[in-house]
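So the structure is just underneath, and the comments pick up after that.
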Amino acid sequence: MKRFALWAPLAIFALLFAVVASGLFRPAEKVVRSAMVGKPLPDFALPAMVPGKPGLTSASFRQGKPRLLNVFASWCIPCIAEAPQLMRLKAMGVPIDAIAIRDTAPAIAGFLRRNGDPYERIGSDRASQVQLALGSSGVPETFVIDGRGIVVKQIIGDIRPENVAEIVLAVKDAR
Amino acid sequence: MIAEAGLAALWFAGALAALQLMMAAIGIARGREDVAAAVRPVAIVQGLLALLAMALLIELFRDSDMSVKLVVENSHSAKPWLYKFAGAWGNHEGSMLLWVTILGLAGGAVAIFERSLPERTLTATLGAQATIALGFYAFLLFSSNPFARLNPAAADGLGLNPLLQDPGLAFHPPTLYTGYVGLSVAFSFAVGALVTRDVGPAFAKAMRPWVLIAWIFLTLGITAGSYWAYYELGWGGWWFWDPVENASLMPWLAATALLHSVTVLATRDGLRAWTIMLAVVAFSMSMIGTFLVRSGILTSVHAFAVDPERGAFILALLAIYIGGALALFAARIGTVRAGTTFDPVSREGGLVANNLLLSVILGIVLIGTLYPIVAASFGVQLSVGPPFFNKAAGPIALLLVAVMAVGPLLRWRRDDAKAVLRRVMLPIGATLAAAIALLFVWPGVLPWAGLSLAAGLAVASVAPLWKRNLKRTPLFTYGMVIAHFGIAVSLAGMASDSAFTKETLVAVRAGEPARVGPYTVTLDGISPVIGENWSALEARLTATRGGSESILRPQLRFFANPPTSTNESAILTVLDGQLYTVLGQPDGQGRWQLRLWWKPFVTLIWFGGVLIALGGMLSLIGRLLRERRAAIRAEWA
């Protein structure tokens, strides 16, 4: 009995080790699952970012049609990489709105001039407050939102060419 | 050339660690004393080579060498020099190199200074130390090379996370790492003693100063880290039970238990198996801490690299070292004779109670920290936050404080319950008086118990000096008194902060006053300021209390590389607490958000922490002086 007890610490450690090791190698660990999927957008109202383009409110996502919500910034390099895919989505008839994070009007105007402008509305989120409310931790991030304002999909990081089809499908399904 | 020289130094150090391990093994297994004798110098040179590699990495950062990948990713030529310096370890590779440098230097220090241990046990200890170092050299060389070049070289670096651009960062990791690594020495001593079946008072005496050093640095590191988070993160709190905070708290709890049990072993020859076990557990907690921070398995504000491959490497090291030591423990400890026994009512009994309570708290923190990982493997995502830890660990910590108050008033071996009761009358009286007085300002259950016990512990901790000749009282007794008193001071600060903090969130125009606690705070105006690599909006606040006026300047800071904004809090420290101010966002109509806290006696938390560490230092000096005197006496006898 005494002998057995001496091996107990090793057994406990082995158990802990197995759990931690399995946690490390489980593939799901690498994808951050969003807490927002399946939930309605939080209420927000953001002022317009650039002249001639309206700002963004959560109400505009509850008008019966699915839309994309893209979180971006002019200082964000992956956002530049993502821009062509957004233009393609726009060309395929997907309506896209945006929230610009910690940015200024001239910088955003320059960004849109250089990389194209797929957006119908752009809200300015100077303090990242709406971004935080959305559960978004970085730029770029994109949400597929159905006609009732419910988030059906969240894409963390830039949209790659291979993601475009999947997003179009998600938008179709959200109808 | 500097990067290549650094890499070469690292390879040589790794090779010497391998040599050190082989020589120690041959020395012990074959009884070759000539081979064993060479282990010491090899350990010293190995430590120096690691130090050289670290120095060269710092030089690369200081020089902003943009052909080195690590520098590009973590530095920027426009950064203030202090943060270039600290940037060397403000990242994964650099911090691992710092870790192995301290490990190597600690091994070298053991080789130079350790004279009291039998030569065989010392050789085994240095062999164990080389084994640990070898794993980390392999980790650096094969999976985290800090000297990797970038071809072509970058024009400039990406910068350092602005949250890390603070003097706190420059000193926090090295302090904490010295603590972590100090525990590796205790671990090596334990393994060495098991290998040579030499677990006894002599071994405990040799191990004790190393545990003390590790514990002092851990205490300082945690105290500084807590204060750093408090003023830099701008959220007004000082402890969040973040996984990375827990990663440093767990080794501290284990080291505190070890510190007390090693004393029982050194002076009374009791608790042999338990002390060895604690030495293994304490270092395991350091390793688990490193693993948690480095693997990206837990999400935390502090975690660096999300990299499963590196996580797997550290996990493998963890399995070899901890699993190996626990197996050695199980196989060998049966052959170690039990030490002397003692009555439950005795100083030893009190120390056992202290150890058990510390272990329970350690268990709670460990379970709370690992539970999200366990839950995730069953497909549930959750996080365990302050409510769990406060509720589960709080009451036990208070019980521990009660034991702390009584323990030092007990005699070794055996004590009389009635006499003990007489001795603790005064602390109990202080506790009750505080408890009754506090009923009038009811602060909530835990803070009430905390403040009352803090009063009792403060009285009890100085009681061992009562009626003693203060000049002839040994230094380590003063150390204990001060450390225990420091716990009472910290506890009072924590309880006072959680009970009496006042918080106000307002949006004000210039000239509009806001009230918090005893202060009236007026926003005088906002003006732009420019720093070395940031620009900021700075508020000028006038805080008035009674007749006195103070100016505070909290900032909203913007960094260009990488683009981020941070809140720089402004803190006014007065005798009875701190006024903590944070500038928030403008609302676009001329009003600014202000977050104001009045935190009575919050500074006691860190002042207590410094006292605890100071107590540790006095104990250490006291022990070393006594041993030196004993050695001199032995020489003359």
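For this structure, a couple of remarks:
- Element breakdown for the range B:513-553 at a 1.4 angstrom probe: carbon and sulfur atoms account for 50% of the accessible area.
- Cβ-Cβ FRET estimate between B:Lys471 and B:Asp198, R0 fixed at 41 Å, reported to 0.05: 0.65
- Charges were assigned to the Cβ only: +1 to each Lys and Arg, -1 to each Asp and Glu. The resulting dipole of the protein assembly as shown about its Cα centre is roughly 2100 debye.
- Among residues other than B:Arg268 with Cβ under 14 Å from its Cβ, the summed charge is +3 (Lys and Arg +1, Asp and Glu -1).
- Measuring nothing but alpha carbons in the range B:39-185 and taking Rh as the Kirkwood radius, the Rg to Rh ratio lands at 1.04.
- Per-q log10 I(q)/I(0), the range B:469-574, q = 0.09, 0.19 Å⁻¹ (Debye; single scatterer per alpha-carbon; no solvent): -0.44, -1.01
- Each 5 Å bin from zero holds the following percent of Cα-Cα pairs in the range B:164-251: 3, 14, 21, 19, 14, 10, 8, 6, 4, 2, 0.
- Restricting the range B:11-73 to trypsin sites (Lys or Arg not before Pro) that sit in a DSSP loop and have at most 16 other Cβ atoms within 10 Å of their own Cβ leaves B:Arg30, B:Arg32.
- Residues of the range B:123-159 falling in the label zone of B:Ser77, defined by backbone nitrogen less than 15 Å from a point 7 Å along Cα to beta-carbon, are B:153-159.
- The residues B:Ile132, B:Ile551, sorted by heavy-atom accessible surface at 1.4 Å with ligands and nucleic acids left out, run B:Ile551, B:Ile132 from largest to smallest.
- Within straight-line reach of A:Lys65, meaning a Cα separation under 15 Å, sit the following aspartates and glutamates at least 8 residues removed in sequence or on another chain: A:Asp97, A:Glu120, A:Asp146, A:Asp173.
- The apolar share of the surface of the range A:84-175, taken as the fraction of accessible area on carbon and sulfur atoms (1.4 Å probe, ligands and nucleic acids excluded), comes to 53 percent.
- Taking all protein chains together, A:Val37, B:Val264 sort by accessible area into A:Val37, B:Val264, largest first [probe 1.4 Å].
- With a 1.4 angstrom probe, the accessible area lost at the B-A interface totals about 2300 Å².
- For B:Arg626, the accessible area of its heavy atoms, probed at 1.4 Å with every protein chain present, is near 130 square angstrom.
- Of A:Lys39, B:Lys599, the order by accessible heavy-atom surface (1.4 Å probe, DNA, RNA and ligands excluded), from most exposed downward, is A:Lys39, B:Lys599.
- Taking a Cβ cut-off of under 11 Å around A:Arg160, the surrounding Lys, Arg, Asp and Glu residues balance to a net charge of -4, with basic ones at +1 and acidic ones at -1.
- Inverting the pair-averaged 1/r between distinct Cα atoms of the range B:1-68 gives 13.1 Å as its Kirkwood hydrodynamic radius.
- The protein assembly as shown, accessible area per residue, ligands and nucleic acids excluded (1.4 Å, Å²): 43
- Shown here are the Rg and Dmax of the Cα trace of the range B:393-526, at 20.4, 69 Å.
- Looking at the range A:87-168, the trypsin sites (Lys or Arg not before Pro) that sit in a DSSP loop and have at most 16 other Cβ atoms within 10 Å of their own Cβ are A:Arg148.
- Convex hull volume of the range B:595-637 per residue (C-alpha atoms, cubic angstrom): 37
- Pairs of lysine residues in chain B - Cα separation under 23 Å, sequence separation of 8 or more or cross-chain: 6
- Anisotropy class of chain B from Cα gyration tensor, a/c 1.5 cut: oblate
- For chain B, with +1 on Lys and Arg beta carbons and -1 on Asp and Glu, the positive-most of B:Val489, B:Ala8, B:Asn355 along the dipole: B:Asn355
- Computed [θ] at 222 nm, deg cm²/dmol, chain B (DSSP H ≥ 4; -39,500 (n - 2.57); rounded to nearest 500): -21500 deg cm²/dmol
- Close amide H contacts of B:Gly584 (hydrogens built in the peptide plane, cut-off under 5 Å, sequence separation of 5 or more or a different chain): B:Gln593, B:Leu594, B:Arg595.
- Across the range B:510-559, Cα-Cα pairs farther apart than 13 Å form 60% of the total.
- Peptide A:13-19, shielding by other chains (average Cβ, 10 Å cutoff): 5
- Proximity of backbone amide H atoms, modeled 1.01 Å from N, is registered between B:Val602 and B:Gln578 at under 5 Å, excluding neighbours fewer than 5 places apart on the same chain.
- Counting heavy atoms of the protein chains alone, B:Ile26 has an accessible area of about 70 Å² for a 1.4 Å probe.
- Of the residues making up the range B:320-364, those losing 40 Å² or more of accessible area when the isolated chain is joined by the remaining protein chains, with a 1.4 Å probe, are B:Leu326, B:Ala330.
- Taking the charge dipole of the protein assembly as shown about its Cα centre, with +1 at Lys and Arg Cβ atoms and -1 at Asp and Glu Cβ atoms, the residue from B:Leu265, B:Thr369, A:Ile101 reaching farthest to the positive side is B:Leu265.
- Of all accessible heavy-atom area on the range B:415-491, the percent that carbon and sulfur account for (1.4 Å): 75
- Size estimate for the range A:90-170 follows the Kirkwood approach: the inverse of mean 1/r over distinct Cα pairs works out to 13.9 Å.
- Here the range B:343-435 has an Rg and Dmax of 18.1, 57 Å, counting Cα atoms alone.
- Trypsin sites (Lys or Arg not before Pro) lying in DSSP loop within the range B:491-529, provided at most 13 other Cβ fall within 10 Å: B:Arg509
- Over the protein assembly as shown, the Kirkwood radius and the radius of gyration, each from Cα atoms, give a ratio Rg/Rh of 1.00.
The values are calculated or read from the model by the stated rules, or taken from the named source; none is laboratory data. All values reported here derive from a predicted model rather than from experimental measurement. Please note: Cβ atoms are built from the backbone with ideal geometry, for glycine as well, and neighbour counts cover all protein chains shown. Note: accessible area is taken over every heavy atom of the protein model, side chains too, but ligands, DNA and RNA are not part of it. Shrake-Rupley method; radii C 1.70, N 1.55, O 1.52, S 1.80 Å.
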